[in-house]
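Novice: Quick one: the structure is below, questions incoming.
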Amino acid sequence: MSALSQHNARLSFTRNTRVDVRMSTSRFSYDALLAGPPRLLAGPGELTRVASVAEAVADRAGGPLRALLVVGGGFHRRSWREPVLTALRPFRVRLAVQPDMPTPDCVARLAAQVRAHRADVVVAVGGGSVMDAGKAAAAMSAESVITADRVVEACEEGAPSRGVPVVAVPTTCGTGAEATPFATVWDRRRGWKLSLRGGAVRPAAAVLDPDLLVGLPADQLAASLLDTLAQGVEAAWSTRSDERSAALGAAAWAELATLLERPRPLGPAERRSVLLAGHYAGRAIATAGTTICHALSYPLTLRHGLRHGHACGLTLAPVLRYNAAVGESDCADPRGPARVRAAIAGVARAAGADGPGDLAGRVESFLAAAPLPRVAGFGDADRIAVEALGYDRAAGNPRRVDARTLARILTNLP
Ligand SMILES: [Fe+2]
């Protein structure tokens, strides 16, 4: 057994905690929920092991590995800058800064750096945009010609099947990008959000170290939690959901239940919970995908500059109520409306809520108290609704939606 697989059996902040997602039909252990890629190191201080994880997933042995370290624009100000560089000292490291949301140009540029450095591994340390940029660049680096147009094409056709392995190290919570086989790429010229998908996009390993969340700004935290909540419930009710994605989605809400009820600054226990919840939700959407809250969020981000999690969280409560009222005539899930209602009920129980109405009320209260910009309806609701329906994620919603319904949701936000 390799050192890494021994570590896989030692999830230091999860192994002694029983998961009770309060599903009516099943119980899942942490082992079952966390089975499959990415390989995982999780616990305070695990950042120090990032080099051993990278060695375990890299194809090459002998001599120091070459690593492209992808970080965000604020890397040099972060408290974890030195620990990251120290942990990667055994490697030949080149630093690549990804200051903003990844665009096709950024991905092409980063992929060229992966090639130029002859990187054996990409280590992405940052939030969702940094991890997505690193994932996309690592996958695209296998291409013979790397241009922005080729990145756009690959988003439409699927990522190359083999790229440089990625070790993802989240420094925010909520996105779950360390677990998913897709990367968001923002095509600002066309005003459209793209997704690069494929096995090569999924990180080979993830390091979840709750110490990296120390100092996470309150607005970023609130948006991240809303992203986790949206991803959790969408993976539970999606037409592509299965029992495991529903359990993972519910488990994410269970981890966040007390924070949802009583928002507060993060201590060690809360940092563990939010990181774990985000990872659960990431694994859940890796299987089930997201649905209409995420489809609506893309035009809200592109047109109104809302943070991703905030954009998802804005419509979460009304969509929750809407989907909970699904019937035979408008159910998009061939398994029928009872399955949709059961999935929502499972999430509500996990969160300690008394049904979907109570659950939606908790989300609204959290949003109202969150340190995020206030939003009072959208003058371009009709256009946002039409654009949202153009994203394939909209088709995963378990209750049929049309542009009028979505526009109504957007104009009646509390
Ligand atoms: Fe998301």
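Novice: Does region 217-307 classify as rounded, prolate or oblate by the C-alpha gyration tensor (a ≥ b ≥ c root eigenvalues; a/c under 1.5 gives rounded; else a/b over b/c gives prolate, otherwise oblate)?
Specialist: Oblate.
Novice: Add +1 for every Lys or Arg and -1 for every Asp or Glu among the other residues with Cβ under 10 Å from the Cβ of Thr301, and state the total.
Specialist: Around Thr301, the surrounding residues sum to +3.
Novice: Under a GNM of the chain (C-alpha, springs under 10 Å), which listed residue has the highest mean-square fluctuation: Gly379, Gly45, Gly158?
Specialist: Gly379
Novice: Hey, any idea what % of region 36-211's accessible area is carbon plus sulfur with a 1.4 Å probe?
Specialist: For region 36-211, the apolar C and S fraction of the accessible surface comes to 48 percent.
Novice: Around Phe75, what is the net charge, scoring Lys/Arg as +1 and Asp/Glu as -1 over all other residues with Cβ under 13 Å from its Cβ?
Specialist: Summing Lys/Arg as +1 and Asp/Glu as -1 gives +2.
Novice: Here's a follow-up. Report the extension gain between Asp31 and Ala338 in nm, rounded to one decimal, defined as 0.36 nm multiplied by the number of residues separating them, less their alpha carbon distance.
Specialist: Numbers: separation 307, 0.36 × 307 = 110.52 nm, distance 2.85 nm.
Full extension of this stretch gives 107.7 nm more.
Novice: Roughly how many Å² of Thr405 are accessible to a 1.4 Å probe, to the nearest 10?
Specialist: Surface open to solvent at Thr405 totals about 20 Å².
Novice: Here's something else I'd like to know. With a Förster radius of 25 Å, plug the Cβ-Cβ distance of Leu95 and Glu156 into 1/(1 + (r/R0)^6) and report the FRET value to the nearest 0.05.
Specialist: Efficiency computed from Cβ-Cβ geometry: 0.20.
Novice: Over the chain, give the accessible area per residue in Å² for a 1.4 Å probe, as an integer.
Specialist: Result: 38 Å² of accessible area for each residue.
Novice: May I pose another question? By its C-alpha gyration tensor, with a ≥ b ≥ c as the square roots of the eigenvalues, how is the chain shaped: rounded for a/c under 1.5, else prolate for a/b larger than b/c, else oblate?
Specialist: prolate
Novice: Could I ask something else about it? Taking every DSSP beta bridge that has both residues in the chain, what percent is antiparallel when rounded to the nearest 5?
Specialist: Values: 7 of 30 bridges.
Looking only at bridges with both residues in the chain, the antiparallel portion is about 25 percent.
Novice: Let me ask something else. Give, as a single signed number, the net charge of other residues whose beta carbon lies under 15 Å from the beta carbon of Asp382, with Lys and Arg counted +1 and Asp and Glu -1.
Specialist: +1
Novice: Please work out whether region 217-411 counts as rounded, prolate or oblate from its C-alpha gyration tensor, where a ≥ b ≥ c are the square roots of the eigenvalues and a/c under 1.5 means rounded, while otherwise a/b larger than b/c means prolate and anything else oblate?
Specialist: oblate
Novice: So for region 58-196: antiparallel DSSP bridges make up what percent, rounded to the nearest 5?
Specialist: 25
The values are calculated or read from the model by the stated rules, or taken from the named source; none is laboratory data. Given the structure is predicted, the values throughout are model-derived calculations rather than measurements. Using ideal geometry, Cβ is built from the backbone for each residue, glycine included, and neighbour counts are taken over all protein chains shown. Surface accessibility is based on the protein's heavy atoms, side chains included, excluding ligands, DNA and RNA. Shrake-Rupley method; radii C 1.70, N 1.55, O 1.52, S 1.80 Å.
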